[in-house]
Amino acid sequence: MTTIQAFTHASFIYTGENIVQKDGRHLNVNDVSAIEDGAIVFNSKKIIWVGKTEELPIKYKKVKTTDLKNKKAIMPGLIDSHTHLVFAGSRASEFARRCAGATYQEIANEGGGILTTVKATREASVEKLFELALKRALISYRYGVRTIECKSGYGLDHDTEMKCLTVIQHLRKALPQMTFVSTYLGAHAIPHDQKKSRYLDDILHKTLPMVAQKKLAEFCDVFIDEGYFSLAEGERILRTAKKLGLKLKVHADEMQNTESTKLACKLHAHSADHLLKVSDKGIAALAVGNTVATLLPGTAFYLKMDYAPARKILDAGGRVAVATDFNPGSCYSLNLPLMMNFSALYMQMNLAEIFASVTSNAASALGLESSKGSIKRGYDSDFVVLPYERFEEIYYRMGW
Ligand SMILES: [Zn+2]
């Protein structure tokens, strides 16, 4: 039996109900659906009741209750819907060199860049990778993240990719207070020690079938860009994954426009991510489809690139999520509230758009919209109590 508990006198409870009703599109600031002086009743699994404190039903007045004294707000637990959580090795010295003027190509030619991470990840044991990933997940938890997507992709061979996906299974057992969504991203880059055609064969005929059979991932993701996987190769991988029962994500239109956002929409992928170079055709496809546009402003910041055209996507009617893209090369940050700050400052997103981007739209990007991302009776009780009176204080405080 799970104990029923309540929080009363929350300064606001942000349910996000309107956002869900509007399918996460064309949002105005009131769509965060704030209940002033709110109360919530829940057990360890589900939300049982939510409303104004003065309307709390008598039957819940005897349960274990915490009075928030109108000093703290409640919102759905944050959802970081795009991370590369599992890898080993440090690229701190490379970062310092890059900042001092070395180009990405120079670093790569010396065997640095992604190769550094691949080498360290291949050499690391499951235990070591787990220990590193667990520390990172706990940092994310402290930022208010309750659901986190984690990709493989730093093995670039069958065995290491399987090893990284196993680590995500271990995280689930170790941290039941968080939800881990597992994504196979074998097609993250071309391995340095194998021909692309051979590696593609391995992905299609060996790793993907085994990932599906062992249920090691819910999603398959592909990096489609110049110098990585072509649109046709990406489509082959994604179609194979779909046949095997996996859901789809695409690293799309980041460095160059390849019309991979359009492909993601055509294949009904749950999300198309990055989109720095998305075309008008890609935006039109997002506006009419269900594919979520997952924007990663921390990466644009870290690489000193232009931000994704968030306003254009939002005004066209696209659903936008924002995530950290936590990874060792292009965004070494787990601070999702900082990404919300960038979304406000550099992508001109309004309060409700930012709220939706880390709650219900992020839940949609992970196929979890019927249980997460909103505060509603029957939804998972993974909401967070903020140390602030209002939601917007999270991203007003830059990098806290
Ligand atoms: Zn990524």
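The values are calculated or read from the model by the stated rules, or taken from the named source; none is laboratory data. Remember, predicted model here, so these are calculated numbers, not experimental data. Backbone-built Cβ (ideal geometry, glycine too); neighbour counts: all protein chains shown.
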Taking Asp31 as the residue in question, decide whether it is within 28 Å of Ser271 (Cβ to Cβ), modelled with pLDDT of 95 or more and either among the hydroxyl-bearing types (Ser, Thr, Tyr) or in a loop (DSSP other than H, G, I, E, B) (or both). no
Could you tell me which numbered condition Ser125 fails, if it satisfies all but one of (1) touching a residue at least 60 places away in the same chain (Cβ under 8 Å); (2) more than 16 Å from the ligand (Cβ to nearest atom)? (1)
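Residues checked against (1) outside any loop (DSSP other than H, G, I, E, B); (2) β-branched (Val, Ile, Thr); (3) surrounded by fewer than 24 Cβ atoms within 10 Å (Cβ to Cβ):
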{"residue": "Leu276", "(1), (2), (3)": "no, no, yes"}
{"residue": "Leu286", "(1), (2), (3)": "yes, no, no"}
{"residue": "Thr294", "(1), (2), (3)": "yes, yes, no"}
{"residue": "Thr299", "(1), (2), (3)": "yes, yes, no"}
Filter the range 323-338 for residues that are more than 13 Å from the ligand (Cβ to nearest atom) and hydrophobic (A, V, I, L, M, F, W, C); the one that is farthest from the chain's Cα centre (by Cα) is Leu338
Taking the range 219-274 and keeping only residues that are among the acidic types (Asp, Glu) and part of a helix (DSSP H, G or I), one is left with Glu233, Glu235
So Arg146 passes all but one of these: (1) assigned to a strand (DSSP E or B); (2) basic (Lys, Arg); (3) over 30 Å from Gly399 (Cα atoms). Which condition number does it fail? (3)
Selection within the range 68-88 - over 19 Å from Gly38 (Cα atoms), away from the ligand (no atom under 16 Å from the Cβ) and in a strand (DSSP E or B): Leu78
Which condition does Leu200 not pass, out of (1) more than 27 Å from Arg319 (Cα to Cα); (2) free of Cβ contacts under 8 Å to residues at least 40 places away in the same chain; (3) surrounded by fewer than 16 Cβ atoms within 10 Å (Cβ to Cβ), if it passes all the others? (3)
Among the residues of the range 103-114, are any within 16 Å of the ligand (Cβ to nearest atom), touching a Leu at 6+ places or on another chain (Cβ under 8 Å) and not in a loop (DSSP other than H, G, I, E, B)? no
Note: among Leu295, Leu386, Leu314, Leu286, just one is in contact with a helix residue (DSSP H, G or I) (Cβ under 7 Å, 6 or more places away or on another chain) and assigned by TED's automatic domain parsing to the domain that holds Glu36, namely Leu386
For the range 380-397, name all the residues that are more than 16 Å from Ile40 (Cβ to Cβ) and crowded, with 21+ Cβ neighbours inside 10 Å. Ile394, Tyr395
Expected single match for modelled with pLDDT of 95 or more, under 17 Å from His82 (Cα atoms) and away from the ligand (no atom under 16 Å from the Cβ) among Leu286, Leu246 is Leu246
Identify, please: which residue in the range 149-189 is more than 16 Å from the ligand (Cβ to nearest atom) and part of a loop (DSSP other than H, G, I, E, B) and is, among those, nearest to Val118 (Cα to Cα)? Asp157
If I filter the range 192-211 for residues that are within 16 Å of the ligand (Cβ to nearest atom) and not in a loop (DSSP other than H, G, I, E, B), do I get at least one hit? no
Would you point out which residue out of Ala272, Ala264, Ala217 is aliphatic (A, V, I, L, M), touching a Gly at 6+ places or on another chain (Cβ under 8 Å), within 16 Å of the ligand (Cβ to nearest atom) and closer than 18 Å to Gly367 by Cβ? Ala272
